[in-house]
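Accompanying notes for the structure given below.
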Amino acid sequence: MSNWIDIAALEDIPPRGARVVKTRLGCVAVFRTGDDRVFAIDDACPHKKGPLSEGIVHGNAVTCPLHNWVIDLETGMAQGADEGRVNTYEIRVEQGRILLDGARLLARSAA
Amino acid sequence: MAQKLVVIGAGMASGRMLEELFAIDAGAYDVTLFGAEPRGNYNRIMLSPVLAGEKEYGEIITHDADWYRDNGVDCRFGEPVVKIDRKAKQVVSPGGVTPYDKLVIATGSASFFIPVQGNDLPGVVGFRDLDDVEAMLKVAGKPDGQAVVIGGGLLGLEAAAALKQQGMDVTVLHLMGHLMERQLDPAAGYLLQKELEGRGINIVCKAHTQAILGKEHVEAVLLEDGQVFGADLVVMAAGIRPESWLAVDAGLRVERGIWVDDTMQTSDPDIYALGECVEHDEVVYGLVAPLFDMAKVLAKTLTGTVAEFKAPVVSCQLKVTGVDLFSVGDFSQGDDREEIVFRDPGRGIYKRLILKEDRIIGVVMYGDTTDAGWFFEMLKTGEDISDIRDTLIYGPAFQGGEALDPLAVVAAMPDSAEICGCNGVCKGTIVQAIHDGATDLGAIKAVTKASASCGNCTGLVEQVLASTLGDEFQVPTPSGICGCTDHSHEDIRRVIKSQALKSIPAVMQEMGWKTSCGCHICRPALNYYMIAEWPLEYADDLQSRFVNERNHANIQKDGTYSVVPRMWGGITTPQELRAIADAAEKYNVPTIHVTGGQRIDLLGIRREDLPAMWADLNSAGLVSGHAYSKGLRTVKTCVGSDHCRFGTQDSTGLGIKLEKILWGSWTPHKVKLAVSGCPRNCAEATCKDLGVICVDSGYQVSVAGAAGMELKETEALATVATEQEVIDLAVAFIQLYRESANYLDRPYKWVAKVGMDWVKQQVVEDAQNRAALCERFEISQSVYRKDPWAEQAKPEYRPRKWAALADLTLEAAE
Ligand SMILES: Cc1cc2nc3c(=O)[nH]c(=O)nc-3n(C[C@H](O)[C@H](O)[C@H](O)COP(=O)(O)OP(=O)(O)OC[C@H]3O[C@@H](n4cnc5c(N)ncnc54)[C@H](O)[C@@H]3O)c2cc1C
Ligand code: HEM
Ligand code: HEM
Ligand code: SF4
Ligand code: FES
């Protein structure tokens, strides 16, 4: 079951930027692309846990600020020769507000 | 007896609905039509040509008095409905009450007036109906009138173009980064802006309106950054709001618009609604095509046929004469999507198709929209395009067309475009030389001197050769700076300058980028080139910066940061040291390290502590040390003649002076300086980007040293007698480096490419050029010589940038 949580306004994130949401399982990075789509993934690079929210966002991907791995925001998969994946979370925008599906985040923390 | 149908709003949607209704059954209802405007229905879309003076009001009337009379419509124009009484089933208007059996609400929408001081002054108008147009035309008639249009969307731009045609001086203030951001991507937005600017319309993006100024009438518009634009007329085109208050008061279900089901029925079975005032399936529409579909559905519903409104795909076009643009569908990128981009810089054409599973799902076109209909049709039918994929972008007429021209950039340049900056050689001169027989690089160099000095323009000269000679000349394979482009850094820098490209989308379009928004390699480089070339006009794009420069601190391997306050020339005071010690304790700094650049480095700071820590350091007078930037880092000094028995000059004082002049500047890579008080060289000046060694008779200035992965001693630039001469040389050298080096080349690498002789000639021998370099540096510093920490530590900055977006750690699990 989904549990949509209103976390912020779309305007609170700069286009081609990201901000983090704190959860009991660590930070989740919420991205806004140049064309106003939003994505939520764990804020830890599969390589050495670099904070992906601080990377450069291009198209539908982010480049990790530590060693330039490129992570696809939609699938969480590392691109190119690198291998690895981060968790992705359901997220959507409704009437200018960002809604994050807390079901998995909260359920996992309760477990 | 026929039932009573009351319609509120005599606009485009209700007009079409009545036509459809009478066509099905002319006698089904006695219709009473209320309209707030003192006139019947007209083609609202055509208000822009009326405003521009291209059409008369009479030409855009869709339903005249005869039509209403022939169809037996009781017209109550100029009479707004003020209340719906659902219990009594009647509507209230100034003329009294009118009973209904069925009611249709078609009140459209109203211009949104942004909530700033002065938005109610006379002279501030919306753009919605003929009254607005007449109000605008009245002001436009005055000589030398100034108009400000707030909002760079469809409506705003149509208004701006029309008012310009009426002879007004027009400025468009747009909140977002590019025009029509909801319909266009940045590339197409850039082309549109260029076209409109070419017509003399002034366009300001990222413009935050703070207030509208004036006493009895509007006089000017003030932006948050302090810019003021004089205005006799302000057009509010920042959006529209569904006109739904009647429904709200009547207790109908209203979301963003009046809620309707697939048959156009509201939450009351006797009340229907259509047009811009409704919301169907969570969508509110603002263009007529879907509203006409609604009109058909409602006419059927009212006559007892089952019909359902299905959300259509909506395309958009701008009605500004001479501007061709088209957009439809979803044009965001995605892993499951692919894009085909076609750019023709010469003709200002941009086309982009977005594909998903071999089907077109989005189209953006600018400059040439002849094939728009074809693409739109394929999008609607969901045709599989895999067979024609390679040639798809060329449209239906194409079969067997030519490949993209890699030389399009130079081919598009006018003859007057300067190719070689050092020797002031234009494209035309080179082309002439080629026609006169200079058919290789060496000959061009000899005849025109193009590329004979620093050599940065070699790539472009070769491309001019190739585009002029065709197959006879083979260009060495281009080495693009990244996968997004085949152009080199040198080419990009020259073209930015000669074509006066002032934004990242502008460069991407004019130089034919293969991606729509670049990548982490080209965007930071382009951002730097913009800052260096257009310091006053270009606004730094934080999203194109690496993390350290965006956060003004060095990221460490565990995601914490290091903070290095500036110690001018390596000099500090007990107060500063105490402030640093206090901050270290307050924020539990695990490691304090003294750097090789004579600074104190506080390591292991948590991101969220950065602004508070900076504020503390700021209050002790400490500013950012820029230990994280591709910019001026440190000027290291020795204690010199103040204390040292060998000291010949005030090395510390000179170092501090240099640092105070240079700090805050952005450079292609980091820049470090040092000043030693005598040739014993305690400050290790001879392995810096620029080093000064003091001697009895003056100062030895040397440059292009390195002590990193490579170790290299500096090379002598000049020996001079006064501190001022040292400062001028240093500033001119760094400015030359800023203007001509590739992004991420340290000075020693750049000097190796362009040659020390050329550098000396520019900086030392040519006094006039030196002065010009210093002047340009100073212009740039008027913007960038400031403490970024002070700004980022401001309380209003903290929640937007530094705080978490949300904290779910306290949220209870279910
Ligand atoms: C300048 C301009 C250019 C446009 N260009 C295009 C274009 O190129 N392509 C496109 O598809 N669309 C365009 N549009 C949008 C298009 O005109 C609208 O989508 C369309 O007119 C909406 O139809 P409607 O019937 O819902 O509302 P409207 O046509 O606005 O009609 C609503 C009417 O209801 C009246 N009314 C409101 N409240 C009351 C009340 N309480 N009592 C009585 N009457 C009331 C209003 O005065 C108005 O006359 C443009 C709009 C404008 C203003
Ligand atoms: C986490 C690791 C490191 C951090 C955070 C760090 C940080 C810094 C900082 C902030 C400076 C001052 C920069 C300046 O003066 O502009 C500096 C200078 C320097 N660092 Fe490091 N450093 C690190 C690792 C290293 C390593 C591993 C080496 C060498 C093997 C090194 C060699 C130097 C040298 C030689 C300088 C002086 C350069 C100069 O003055 O020109 N550093 N470092
Ligand atoms: C009597 C003579 C000297 C005095 C009084 C003196 C004083 C100092 C002082 C105060 C410092 C630390 C402060 C600073 O870096 O600014 C220093 C650093 C240094 N001195 Fe000397 N010095 C003398 C001679 C020399 C000589 C002759 C050399 C080399 C040939 C030398 C090499 C250095 C070096 C390499 C450093 C380190 C610089 C750094 O950390 O950045 N010193 N000296
Ligand atoms: S460089 Fe010369 S003047 Fe400076 S501290 Fe060393 S010995 Fe003294
Ligand atoms: S931690 Fe992300 S690339 Fe190394």
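The values are calculated or read from the model by the stated rules, or taken from the named source; none is laboratory data. In this text the structure is predicted, and so the values were computed from the model without any measurement. Reconstructed Cβ throughout: ideal geometry from the backbone, glycine too, with neighbour counts over all protein chains shown.
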By residue number, the members of region A:30-42 that are at the interface with chain B (Cβ under 9 Å from one of its Cβ atoms) and at pLDDT below 95 are A:Thr33, A:Gly34, A:Asp35, A:Asp36, A:Arg37
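Condition check ((1) under 17 Å from B:Arg44 (Cβ atoms); (2) buried (at least 18 other Cβ atoms within 10 Å of the Cβ)) across all residues:
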{"residue": "B:Lys87", "(1), (2)": "no, no"}
{"residue": "B:Val97", "(1), (2)": "no, no"}
{"residue": "B:Asp101", "(1), (2)": "no, no"}
{"residue": "B:Ala106", "(1), (2)": "yes, yes"}
{"residue": "B:Gln117", "(1), (2)": "no, no"}
{"residue": "B:Gly123", "(1), (2)": "no, yes"}
{"residue": "B:Arg128", "(1), (2)": "yes, yes"}
{"residue": "B:Val133", "(1), (2)": "yes, yes"}
{"residue": "B:Leu137", "(1), (2)": "yes, no"}
Over region A:57-78, the set of residues within 10 Å of ligand 5 (Cβ to nearest atom), buried (at least 19 other Cβ atoms within 10 Å of the Cβ) and of a type outside the set (A, V, I, L, M) is A:Thr63, A:Cys64, A:Pro65, A:Trp69
Per the filter on region B:173-190, residues surrounded by 24 or more Cβ atoms within 10 Å (Cβ to Cβ) and acidic (Asp, Glu) are B:Asp185
Can you find even one residue in region B:548-571 that is in contact with a Gly (Cβ under 6 Å, 6 or more places away or on another chain) and either away from ligand 2 (no atom under 14 Å from the Cβ) or within 14 Å of chain A (Cβ to nearest Cβ) (or both)? yes
Taking region B:694-720 and the residues there that are over 15 Å from B:Val675 (Cα atoms) and either outside the structural domain of B:Gln761 (by TED's automatic domain parsing) or loosely packed, with under 12 Cβ neighbours inside 10 Å (or both), the one that is farthest from the chain's Cα centre (by Cα) would be B:Ser697
Would it be correct to say that A:Glu54 is away from ligand 4 (no atom under 16 Å from the Cβ), buried (at least 19 other Cβ atoms within 10 Å of the Cβ) and either free of Cβ contacts under 8 Å to residues at least 60 places away in the same chain or not aromatic (Phe, Trp, Tyr) (or both)?
yes
Taking region B:621-660 and keeping residues acidic (Asp, Glu) and either buried (at least 18 other Cβ atoms within 10 Å of the Cβ) or not assigned by TED's automatic domain parsing to the domain that holds B:Ala721 (or both) leaves B:Asp650, B:Glu659
When region B:564-577 is checked residue by residue, the ones that are touching a helix residue (DSSP H, G or I) at 6+ places or on another chain (Cβ under 6 Å) and either among the polar types (S, T, N, Q) or away from ligand 3 (no atom under 16 Å from the Cβ) (or both) are B:Pro565
Quick one: is A:Thr88 in contact with an Asp or Glu (Cβ under 8 Å, 6 or more places away or on another chain), farther than 20 Å from B:Asn551 by Cα and facing chain B (nearest Cβ under 7 Å)?
no
Taking region B:670-685 and keeping only residues that are surrounded by fewer than 20 Cβ atoms within 10 Å (Cβ to Cβ) and not basic (Lys, Arg), one is left with B:Pro679, B:Asn681, B:Cys682, B:Glu684
Of all strands (runs of 3 or more DSSP E) fully inside region A:17-111, the set with 2 or more residues that are charged (D, E, K, R) is A:17-23, A:91-94, A:97-101
Per the list (1) buried (at least 17 other Cβ atoms within 10 Å of the Cβ); (2) in contact (Cβ under 8 Å) with a residue 24 or more places away in the chain, residue check on B:Lys749 breaks on (2)
Pairing a residue in region B:276-297 that is within 14 Å of chain A (Cβ to nearest Cβ) with any residue that is buried (at least 19 other Cβ atoms within 10 Å of the Cβ) and part of a helix (DSSP H, G or I), where Cβ atoms lie under 9 Å and the two sit 6 or more apart in sequence or on different chains, gives B:Val283/B:Pro290
Notebook entry, point to check: In this structure, does B:Glu339 turn out to be over 26 Å from the mean Cα position of the chain (by Cα) and either surrounded by fewer than 20 Cβ atoms within 10 Å (Cβ to Cβ) or not aromatic (Phe, Trp, Tyr) (or both)?
Noted result: no
Over region B:297-350, the set of residues modelled with pLDDT of 80 or more, within 30 Å of B:Cys484 (Cα to Cα) and not hydrophobic (A, V, I, L, M, F, W, C) is B:Ser327, B:Glu338, B:Glu339, B:Arg343, B:Tyr350
